[in-house]
Amino acid sequence: MLKIFAIAVIVLLAVILIYAATKPDLFHVERAIDIKAPPEKIFGLINDFRQWEAWSPYNKDPAMKRTYSANTSGKGAHYAWEGNKEVGQGEITITDTTPPREIDMELHMIKPFEGRNHVVFSIEAAGDSTKVIWALEDQHTYFLKVLSMFINMDKMIGNDFEVGLAKLKAVAEKQPT
């Protein structure tokens, strides 16, 4: 009986590992929202890391340590944080901007899992509102492929993006233009 159980566990592990190897190498999460504010205003709220405290969904630790570069907005701006298990540790750098349409960033997560991601905020005027798209792309390591079989990464990260975009909407629509 023990031998059958051991064989079943080995077969199950093999199936999981083989299936994980077939998962895509690129991981992509994207969420969007329409905001009744001009693109320039929204661009300013995203392009300046000091503005993130008002809308970021990752402000879950009141004791979080934040470090900013001398220039907190635009290409080259850098922001690092270290907090509790809900926010972890990481850093993000603005690598390029096209005012008021796009902001490209490189995200380096240190804790709880090491990872490097490309983040893009796209801002598109749409009549009397502005469509904001928050996207994240990552090369899926084999470990993340296995982990994603048990954790819905799109839902987990996507939920945070939805909360952040809703907060961004509230801030942008509340502030005078």
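The values are calculated or read from the model by the stated rules, or taken from the named source; none is laboratory data. Only a predicted model underlies this, so the values are computations on that prediction, with no experimental measurement involved. Don't worry about glycine lacking a Cβ; one is built from the backbone with ideal geometry, like all the others, and counts go over all protein chains shown.
Apart from one condition, T130 fits all of (1) in contact with a helix residue (DSSP H, G or I) (Cβ under 9 Å, 6 or more places away or on another chain); (2) of a type in the set (S, T, N, Q); (3) under 18 Å from F27 (Cβ atoms); the exception is (3). Restricting region 134-177 to residues that are outside any helix (DSSP H, G or I) and among the charged types (D, E, K, R) leaves a set whose member that is surrounded by the most Cβ atoms within 10 Å (Cβ to Cβ) is D138.
Please go through region 52-88 and pick out each residue that is of a type outside the set (A, V, I, L, M, F, W, C) and in contact (Cβ under 8 Å) with a residue 60 or more places away in the chain. Correct list: S56, P57, Y58. Entry remark, region 88-101: residues being farther than 18 Å from V132 by Cα and buried (at least 19 other Cβ atoms within 10 Å of the Cβ) number 2 in total.
Could you tell me whether any residue of region 52-61 is under 19 Å from the mean Cα position of the chain (by Cα), loosely packed, with under 15 Cβ neighbours inside 10 Å and either on the phi > 0 side of the Ramachandran plot or assigned to a helix (DSSP H, G or I) (or both)? Checked region 52-61: at least one residue is under 19 Å from the mean Cα position of the chain (by Cα), loosely packed, with under 15 Cβ neighbours inside 10 Å and either on the phi > 0 side of the Ramachandran plot or assigned to a helix (DSSP H, G or I) (or both). Looking across region 9-47 at every residue that is surrounded by fewer than 13 Cβ atoms within 10 Å (Cβ to Cβ) and not hydrophobic (A, V, I, L, M, F, W, C), the one that is modelled with the highest pLDDT is identified as K36. Every condition in (1) surrounded by 15 or more Cβ atoms within 10 Å (Cβ to Cβ); (2) without any contact (Cβ under 8 Å) to a residue 40 or more places away in the chain holds for A6 except the one numbered (1). Of all the numbered requirements in (1) at pLDDT below 95; (2) closer than 16 Å to A135 by Cα; (3) surrounded by 16 or more Cβ atoms within 10 Å (Cβ to Cβ); (4) not small (G, A, S), D104 misses one, and that requirement is (1).
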